[in-house]
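The values are calculated or read from the model by the stated rules, or taken from the named source; none is laboratory data. Treat the numbers as computed from the prediction; the structure is a model and nothing was measured. Don't worry about glycine lacking a Cβ; one is built from the backbone with ideal geometry, like all the others, and counts go over all protein chains shown. These area figures cover heavy atoms from the full protein model, side chains too; ligands, DNA and RNA do not enter into them. Shrake-Rupley method; radii C 1.70, N 1.55, O 1.52, S 1.80 Å.
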Amino acid sequence: MRAEAWLEYAADLGLDPFYRDRARTPPAEAPPSVAAAPRPARNIPEDRPRAAPASPISPPASASLFESTERIEGDNLDRIRQDIGPDCTRCKLCKGRTQIVFGTGNPGAALVFVGEGPGRDEDEQGEPFVGRAGKLLTQMIEAMSLRREDVYICNVVKCRPPENRLPEKDEIATCSPFLLRQLDVIHPKAICCLGSCAAQTLLQTTQGISRFRGEWFDFRGSKLIATYHPAYLLRNPNAKGEVWKDLQKVMAVLGLQPRRR
Ligand code: URA
């Protein structure tokens, strides 16, 4: 890829402040061509707890909690939303939330982004990723030549954790079956986990995300990849290049070319 074109894509992701200093140096690793096959999907390795940071998710009792969960015949997104109910009180997050944030986007999407849980803006507006991190996610989606409405966006927990704390183990256990049903119904080509909570929940691991981000996994017939959460990128803009590499892998699987301006 020409350095000029790279800088254009980098600007799409808000990477220009990061790359401005390196304007004459093309990126060390050229992005894969769209025709390139993704690295073969594989299952997540055994936990290596020595190096893994503390996690709210315990190691799975079996290989995967979700493997044994059956798909529901004739399920659909409306039914899942109805099953959650208008005023879910299954876990303690119900106490502080304004509204349930179910998910948004294309029910037939080839790509689903899974985040952690609603923040203040999402809790107010009833839609995932509409705050600052959401604006960055929208930029990321658009840099991939997609629109927000082309993809589906949802979270592990559907109610805002107080003070934006991490969702707790019991809250994740209570809410994640609805996420699983959403993913089964949409059955996208690719699932992109945004941050540790989504990745560790779906892969049923306690490993730190930096150990496996950017790698492909099988998830119930979809390809799953994890990357850093946009909120992390707001605090650590230097990680945007790594995320862009991960998104380029997703684009290769979906046969997408980066957006041209
Ligand atoms: N962070 C998330 O993980 N999800 C949202 O919906 C918003 C911010």
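Numbers at a glance
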| quantity | calculated |
| --- | --- |
| Listing of strands (runs of 3 or more DSSP E) fully contained in the range 147-224 that carry 1 or more residues being closer than 15 Å to F129 by Cβ | 152-155, 190-194 |
| Index of the failed condition, N155 passing every other in (1) open to solvent by less than 10 Å² (accessible area, probe 1.4 Å); (2) over 13 Å from the mean Cα position of the chain (by Cα) | (2) |
| The range 134-147: number of residues that are within 11 Å of the ligand (Cβ to nearest atom), touching a residue at least 40 places away in the same chain (Cβ under 8 Å) and open to solvent by 20 Å² or more (accessible area, probe 1.4 Å) | 0 |
| Test: residue in the range 241-253 that is assigned to a loop (DSSP other than H, G, I, E, B) and either at pLDDT 95 or above or not aliphatic (A, V, I, L, M) (or both) | no |
| Hey, T89 more than 13 Å from the ligand (Cβ to nearest atom) and either touching an Asp or Glu at 6+ places or on another chain (Cβ under 6 Å) or among the aromatic types (F, W, Y) (or both) or not | no |
| Yes/no for S176 being among the polar types (S, T, N, Q), open to solvent by less than 20 Å² (accessible area, probe 1.4 Å), touching a residue at least 24 places away in the same chain (Cβ under 8 Å) and touching a helix residue (DSSP H, G or I) at 6+ places or on another chain (Cβ under 6 Å) | yes |
| Residue within the range 92-108 that is farther than 16 Å from T201 by Cβ, small (G, A, S), modelled with pLDDT of 95 or more and surrounded by 13 or more Cβ atoms within 10 Å (Cβ to Cβ) present | yes |
| Criterion (near the ligand (Cβ under 9 Å from one of its atoms), within 14 Å of the chain's Cα centre (by Cα) and either crowded, with 21+ Cβ neighbours inside 10 Å or closer than 23 Å to L203 by Cα (or both)) met by exactly one of E122, E116 | E116 |
| Pairs, first more than 29 Å from R165 (Cβ to Cβ) in the range 232-261, second aromatic (F, W, Y) and modelled with pLDDT of 95 or more, C-beta under 9 Å, six or more apart | K249/W216; V253/W216 |
| Lone unmet requirement of (1) buried (at least 23 other Cβ atoms within 10 Å of the Cβ); (2) more than 8 Å from the ligand (Cβ to nearest atom); (3) free of Cβ contacts under 8 Å to residues at least 40 places away in the same chain for P128 | (2) |
| Top-ranked residue in the range 105-127 [being out of contact with any helix residue (DSSP H, G or I) (no Cβ under 8 Å at 6 or more places or on another chain) and outside any loop (DSSP other than H, G, I, E, B); ranked as nearest to N155 (Cα to Cα)] | D123 |
